[in-house]
Amino acid sequence: MYNATLSANTFDPPWAGNISANSSPNCTKNDGFKYPLYSTVFSIVFVVGLITNVVAIYIFTCSLKLRNETTTYMMNLVVSDLLFVFTLPLRVFYFINQNWPFGSMLCKVSVSLFYTNMYGSILFLTCISVDRFLAIVHPFRSRTLRTKRNARIVCTAVWVLVLSGSLPTGFLLQTTSQQNSQSNATFCFENFSSKQWKSHLSKVVIFIETVGFIIPLLLNLCCSIMVLQTLRRPQAISHGGKLNKTKILRMIIVHLFIFCFCFIPYNVNLIFYSLVRTKTLKGCSVESVVRTIYPIALCIAVSNCCFDPIVYYFTSETIQNSIKRKSQIGRTYDVKFSDALQSETTSNLQFNLRNLKAKVFHNESSV
């Protein structure tokens with residue numbers, strides 16, 4: 001493991017290498033904006049992601065009476081998001097104080113969960129896309145494939161694949177302390193050297209980019225294109241007509257937009273990052289661009305925790321019906337309560353009028 005004493009303003013994000021440790025001494029470092037950016041964005045993602053995913057898991061576990069293979073993939077995606085969201089307060093504390101007081105184990109776990117969430121989200125979203133493709137393009141032939149049992153098997157395989165890549169990545173890293181006369185800070189974590197990047201890590205990046213990003217991206221695009229081609233056929237969807245096609249089209253657009261917006265910037269930049277670290281790409285201008293884009297791309301990637309519940313709503317008609325049913329029950333309760341209140345008010349008014357009438361007649365008879 002490569003250890004070096006670094007100043008706080010040159011330390012890179014705690015889930016990538018540190019370019020500055022091996023960069024040219026003549027290159028100007030211009031990524032000091034990343035700490036306030038990280039602390040702000042991660043705080044927002046923690047609040048929004050926690051609320052939306054807790055609501056989603058409540059709907060999946062308590063409200064949905066009908067569960068299918070699509071909701072199985074979604075429930076696993078929720079778990080992936082929540083595991084990462086729970087580590088964000090530690091990250092926010094670190095970005096604000098530029099010191100990691102929580103120990104080496106929590107640092108490694110939080111790094112592993114970042115990669116688990118990143119590539120778990122990509123693969124589970126791909127599973128949802130493939131499932132939608134089978135349901136629309138091959139509705140009869142896919143009946144034996146699209147079962148809850150097979151969906152659970154696929155989810156298990158995704159977890160095994162993701163954890164087998166993320167856990168070694170996180171646990172190979174180390175926290176390291178910087179000690180001088182002015183500060184005593186622990187960083188989460190120290191980076192790898194250029195030699196390690198050339199010998200091992202470049203191969204790891206090739207693997208995770210191929211299996212975790214490029215293949216899922218191609219699958220998402222191909223499945224979406226074939227679904228759209230199916231929708232263009234007049235006999236494709238007879239039930240629901242234009243309404244059904246509009247729903248599916250909106251579903252595909254939302255799915256692809258979130259997938260591309262969250263994951264393409266980070267993964268494309270990671271390729272260039274690897275090329276810079278292995279000295280394949282040289283030059284201060286290239287390094288400066290990579291260092292500037294990386295924090296922004298990372299924040300966009302982390303925001304997938306907030307966007308995934310949108311995919312749940314547009315992808316699952318079961319969830320839409322559940323939410324509509326809840327709102328209808330609420331409106332029915334309000335109407336019943338209003339009617340009861342109005343009935344009670346009318347009864348009280350009639351009772352008061354009868355009492356008043358009785359008193360009037362009593363006074364007239366006594367006169």
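All of the numbers you see were taken from the coordinates with simple rules; none came from a lab. Since the structure is predicted, the reported quantities are computational estimates derived from the model, not experimental observations. A quick note on method: Cβ atoms are made from the backbone with ideal geometry, for glycine too, and the neighbour counts reach across all protein chains shown.
Details
- Ranked by how many other beta carbons lie within 10 Å on average, peptides 36-44, 130-138 from highest: 130-138, 36-44
- Placing dummy labels 7 Å off each Cα toward the beta-carbon, the span from Val47 to Ile214 is 4.1 nm.
- Where trypsin sites (Lys or Arg not before Pro) fall in DSSP loop in the stretch 238-306, at most 12 other Cβ within 10 Å: Lys279, Lys282
- Residue order, fewest to most surrounding Cβ atoms within 10 angstrom, among Arg91, Arg146: Arg146, Arg91
- Pairwise label distance in nanometres, Val160 with Cys222, each label 7 Å out on the Cα-Cβ vector: 2.3 nm
- Pairwise label distance in nanometres, Thr144 with Thr246, each label 7 Å out on the Cα-Cβ vector: 3.9 nm
- Cβ-based exposure ranking for Val45, Val55, in which fewest neighbours within 10 Å come first: Val55, Val45
- For Phe257 and Val137, a Förster radius of 25 Å and the Cβ-Cβ distance give a FRET efficiency of 0.75, rounded to the nearest 0.05.
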